[in-house]
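The values are calculated or read from the model by the stated rules, or taken from the named source; none is laboratory data. Note that the structure is a prediction, hence the values are computed from the model and not measured. Glycine gets a Cβ as well: all are built from the backbone with ideal geometry, and neighbour counts include every protein chain shown. Ligands, DNA and RNA are excluded from the accessible area calculation, which covers all protein heavy atoms including side chains. Shrake-Rupley method; radii C 1.70, N 1.55, O 1.52, S 1.80 Å.
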Amino acid sequence: MDATTSETSSIQYHNIPEQPIAALVIPDQSIVALIASPLPTFERQQRHCFGNASPGEFPLSANPSIVLHVLTGCNLDPQDLAKLEATCSFFRQPANFAPDYELSLAELAALDMCQQRAVFKPMKDEERQNLKQRCGGSWKLVLRYLLAGEVCSRREKSQAIAGPGHSIAVTSKGVVYSFGSNSSGQLGHGTTEEDSRPLPIRSLQGVRIIQAAAGAGRTMLISDAGRVYAFGKDSFGEAEYGAQRSKDVTTPKLVESLKDIFAVQAAIGNFFTAVLSREGRVYTFSWGNETKLGHQTDQNDLEPRPLLGALENIPVVQIAAGYCYLLALACQPTGMSVYSVGCGLGGKLGHGTRTDEKYPRLIEQFQKLNLQPVVVAAGAWHAAVVGKDGRVCTWGWGRYGCLGHGNEDCESIPKVVEALSNVKAVTVATGDYTTFVVSDAGDVYSFGCGESSSLGHNTGAVDGQVNRHTNVLSPEIVTSLKQVKERVVQVSLTNSIYWNAHTFALTDSGKLYAFGAGDKGQLGIQLVANQTEREKPERVDIDLS
């Protein structure tokens, strides 16, 4: 109750009648008569935010610093802090604490929790204030923005990336391992020889990496200091094949054009690369003619260009790149939303059409579905989103059943995967006509193209033999991962139309399991003679915890 409007009052428990106790019956004993005087009416004092020394009251105002400590220590959700302000003036009036004596307790608690985030810590005061205004003028909104980024991008946690022909694994301590194809030096070991052994990139010793991205012949890494390292093909935008060969870089090299941008995520698509700054701004390299990303540049331009249009003043928490298109998960004061830009072939932009979008455009369907997006994934030709309530939506080209709707139809607007209605999803991964969903229970579901055994299913039979290449039109639980008896927290799969797919499953204990195509050593597992893939998940000899 708001202390500015409340008055002391008594509440009577009307369900308890005033009457004497006449007798008490005890089983197997004689009846004992008990005479008692009438009980007094039950009363209690209503508690207030501001005490006045009356018994039974809770004087919060006497120790606001303790209240602030409790709010911060409990890691309350930003929405909970907002509710406290809305319902009680004690939490919304100036608290008279440093660093800003005008901030309320709820705002101070949010600021304290922001300062615990690794991305926020190194920011200067001016940068923090700019981020605050960009997020909507509240530290609670900044906290929500920071937390949302950690959820969808696994920032500051271990991760594995199943790239096209090569793989990258990042430990929770920021050490990077790479293995697989190395024709352009994309493993970063100083050579162009492929290797199936997960080896640490020694030239990065002393640098803590928090995020990785892999494209065809190309790798990008982001450090906890916001620096971007790139190696492999010395180009951010050329096509995977058919373009003029670029210079190969065989060891991680700082991207000088990004030195003034504190990066937190990179996404490599076909013909372009995108980078997300800690302030939520999106920058793109190449593929920038005026019919694509809203800024006209040369095809081989290596300078990052800010993504123009609707997202110029809206902070983005996650980016995802597919075949000639980009998805952006935006954090607005009214809630989370998804924008798309680029090629609309197959309906993969989610606007109900197949036309290209020159500038980022809001996908309106999520508002109609009353779904709050928290994770986005961009496959080569289809896309997916996980909602806060655990629902999964897919759209785009539905070939091989990759949308999970029981058919191969295209969907030009996001559609809920009804077969997962009894599953609360926490994350989703998409590839070339394949989709994986991870539930809050740690179960993994997959559907779509069954080539290379990358779905992990033992489905169908041909001439009495199990056919692991069968396409799956509706979500099926990956029973082979159930047998691992580990809780899966992340799945990564190859997102390229030019390479056979492989899949990684990362458990909460830091164990990494791989299956699918391994012809270039990208599984990190030694295959026997004439073997090109693994149909069941096998432990990779590396600890990511």
*Search the structure for amide H atoms under 5 Å from the amide H of V489, placed 1.01 Å from N in the peptide plane, and list their residues when 5 or more places away or on another chain.*
L506, T507, D508
*How big is the gap, in Å, between the Cα center of the range 320-396 and the Cα center of the range 109-158?*
24 Å
*Enumerate the calculated ³J(HN,Hα) couplings along the range 171-186 in order (Karplus 6.51 cos²θ - 1.76 cosθ + 1.60, θ = phi - 60°), each rounded to whole Hz, writing x wherever the residue is Gly or Pro.*
7, 5, 8, x, 7, 10, 10, 9, 6, x, 4, 8, 5, 10, x, 5
*Which entries of K83/K424; K358/K415; K485/K536; K83/K121 show an alpha-carbon separation above 19 angstrom in the structure shown?*
K83/K424; K358/K415; K83/K121
*Where labels lie 7 Å past Cα in the beta-carbon direction, separation of D389 and S421 in nm*: 1.2 nm
*Could you run the Karplus curve 6.51 cos²θ - 1.76 cosθ + 1.60 with θ = phi - 60° over the range 529-535 and give me ³J(HN,Hα) per residue in whole Hz, x for Gly and Pro?*
4, 6, 8, 10, 8, 10, 7
*Of all the accessible heavy-atom surface of the range 330-429, with the other protein chains kept in place and a 1.4 Å probe, what percent is carbon and sulfur?*
45 percent
*Anchor K233: lysines whose Cα lies under 26 Å away (excluding residues fewer than 8 positions away in-chain)*: K247, K253, K259, K292, K520
*Vicinal HN-Hα couplings computed from phi for the range 119-132 (Karplus, 6.51 cos²θ - 1.76 cosθ + 1.60; Hz; Gly/Pro x)*: 6, 7, 3, x, 6, 6, 4, 5, 5, 5, 5, 5, 5, 4
_Could you put K511, K247, K132 in order of accessible surface area, largest first, with the 1.4 Å probe and the full protein assembly present?_
K247, K511, K132
